[in-house]
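Structure record follows, encoded as structure tokens.
The values are calculated or read from the model by the stated rules, or taken from the named source; none is laboratory data. Owing to the predicted nature of the structure, the values given are computational and were not obtained by experimental measurement. Cβ sites come from the backbone with ideal geometry, for glycine too, and all protein chains shown count toward neighbours. Ligands, DNA and RNA are excluded from the accessible area calculation, which covers all protein heavy atoms including side chains. Shrake-Rupley method; radii C 1.70, N 1.55, O 1.52, S 1.80 Å.
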Amino acid sequence: MNPVELVFFKLVSHEIELSEFEKWVYSESKLEETLNSDDYLELISINYKIPSGLYEAEKVLSNYFSMGKYYEWNIRNILQKITDKPTDVQKYIEQCYDLYCDGFDFMDNLGLGYGLGITCPDQYNEKVDDYYPQILGEVEKVLEWLDNGKIVITGHSGEYQGIEYEDNRSVEEKEPTGYKVQESKKWWQFWL
């Protein structure tokens, strides 16, 4: 991954502040080599002091970088945090639920099996430590699917839950393992 692409990904995932990105735009020599002259001029002309500055920067840079590659990078980043288990690991586990809700259906075991428990602590009183080491097996499965091309993220359609990806997993690999819904209950009883 080239350094310009990495900064773009960090900007989109809010790992860097807009003010930090602005400083980088004015100082990074590789940026001018990466963008055409019109886009480079547009990027250095953006007013980064207003909230729409982020949108404008993303709009220019998204022409140069694959959003599918961004989503894969973001998922791998989250999964690495879960593996590293920092003190705030619960926010990364919760993000698995957010990813599932955003349309990454292959994140169901992590999202529903673990992330939902973090999101709804009144219904699920498990501690994060209780998730380990089982959660690491689910993390490894998703990473393996990405590594082996069983999941290929191609981008976003622009619609709500419009994540586009190829799912080449077997029927067995698609079977939920991190959660179980009882057949005898109605869908609404699952949440009670």
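Assorted remarks:
- The eigenvalues of the Cα gyration tensor, multiplied by 5 and square-rooted, give the chain an equivalent ellipsoid with semi-axes of 36, 18, 16 Å from largest to smallest.
- Counting every pair of alpha carbons in the stretch 1-81, the share spaced more than 15 Å apart comes to 54 percent.
- Averaging the sequence gap over all C-alpha pairs within less than 8 Å and six or more residues apart, then dividing by the number of residues, gives the chain a relative contact order of 17 percent.
- Rounded if a/c under 1.5, otherwise prolate or oblate - the stretch 66-135, Cα gyration tensor axes: oblate
- Heavy-atom accessible surface of the chain, averaged per residue, reaches 59 Å², computed with a 1.4 Å probe.
- Nonlocal amide H pairs with residue 151, under 5 Å, H built at 1.01 Å: 146, 168
- Note on the chain: with neighbouring protein chains present and a 1.4 Å probe, carbon and sulfur make up 48 percent of its accessible heavy-atom surface.
- Taking trypsin sites (Lys or Arg not before Pro) in DSSP loop states with no more than 16 other Cβ atoms inside 10 Å as exposed sites, the chain has its longest site-free stretch at 50-126.
- Length gained when the stretch residue 55-residue 1 is fully extended (0.36 nm per residue, less Cα-Cα span): 17.2 nm
- The longest part of the chain holding none of the exposed loop chymotrypsin sites (Phe, Trp or Tyr not before Pro), meaning those outside H, G, I, E and B in DSSP with at most 15 other Cβ atoms within 10 Å, is 1-63.
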